[in-house]
Amino acid sequence: MSVMPAPARGLLGDTAARDYSEKLRRFNAFAAPELREAIASLGLEPGMRVLDAGCGTGEALAWLGDEVGAMGTVVGMDLALAHVVAASHAGDALQADLSAPPFMGEAFDAIWSVNVVNHLRSPLDGIRTLAGLLRPGGRMALGQSSFLPDMCFAWDARLERVVNEAVRAYYRDKYAVDERGLSAVRANVGLLREAGFQHVTAHTFAIDRISPVDADAERYIAETLFRDSWGARLAPYLGADDYEALMDLCDPASPRFALARPDFHFLQTFTLVTGRTPV
Ligand SMILES: C[S@@+](CC[C@H](N)C(=O)[O-])C[C@H]1O[C@@H](n2cnc3c(N)ncnc32)[C@H](O)[C@@H]1O
């Protein structure tokens, strides 16, 4: 595995040196049942060659491998060295920028790419480049989980609204990404069509979790969302009372901790958009 020169930062700050492995592991453990259901819905066949473009820590490599069997091939590709190192423990993975992939044209029967194209400065260019790696009639599967501002929690609706607005303001300030840039869940149909894909389909999987949540859901919701994505980051964007109310709901030591409430219901979505290259 060779170390790449650091490319320009992606839209959401990705570089070859960036490492958010722990966050990726938590999401994949949390959403594993729905992600596996999405993979099963693709109808992959034994012997197929599949690329996981932007494979992150590689959890999907084994899931895809289960579909294509021992005669098939699954390869992961990711920009971030730390992610590739983690993915290498799960399967074959290499470090590469998907805008300059180290594969021959028509090398794959299918490409799986989850939560990746929204990180690119030009998702359309990225999709077109990946399309060139598919055989005629090959399948592109773009997955996108809903973003923080679109997630639902069964608590105070007003607090939910002001928190969502605070998250949008945070993204705007940190990444210069506005509301339009956060609409990737709905953008992938148009992008695949614009890139020349045919037979485009879309299906959204609901990820519902209610109390008592299991350990994977607790880790993802309490650590990735409550602590790392909200937490002190949102303090500048909320009134003092709202911030205090939110922190109280997010604090595992608080009697009002959201995950311990009998009415706790968290809903996130995972949208899978697929298309085929022309034959
Ligand atoms: C949100 S993560 C998703 C990872 C994985 N697909 C998953 O679902 O857990 C986005 C991934 O895309 C990778 N990435 C971003 N820009 C990339 C590029 N230009 N080429 C290849 N990978 C890229 C990041 O390093 C990161 O691992």
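The GNM of the chain, with springs linking C-alpha atoms under 10 angstrom apart, assigns the highest mean-square fluctuation among Ala60, Ala260, Ala82 to Ala260. Residues considered: Ala96, Ala62, Ala80. Largest GNM mean-square fluctuation over the chain, using C-alpha springs under 10 Å, is found at Ala62. For the options Arg121, Arg26, Arg139, a Gaussian network treatment of the chain with springs between C-alpha atoms closer than 10 Å singles out Arg121 as fluctuating the most. Pairs of Cα atoms nearer than 8 Å and 6+ residues apart set the relative contact order; for the chain it is 21 percent.
Rounded to the nearest 5, the antiparallel percentage of DSSP beta bridges internal to the chain is 55%.
Shown for segment 70-121: the carbon plus sulfur share of the solvent-accessible area, taken with all protein chains present and a 1.4 angstrom probe, equals 59%. Using C-alpha pairs below 8 Å separated by at least 6 residues, the relative contact order for segment 16-109 is 30 percent.
The values are calculated or read from the model by the stated rules, or taken from the named source; none is laboratory data. No experiment lies behind these values; they were computed from the predicted model shown. For accessibility, only protein heavy atoms count, side chains too; no ligands or nucleic acids. Shrake-Rupley method; radii C 1.70, N 1.55, O 1.52, S 1.80 Å.
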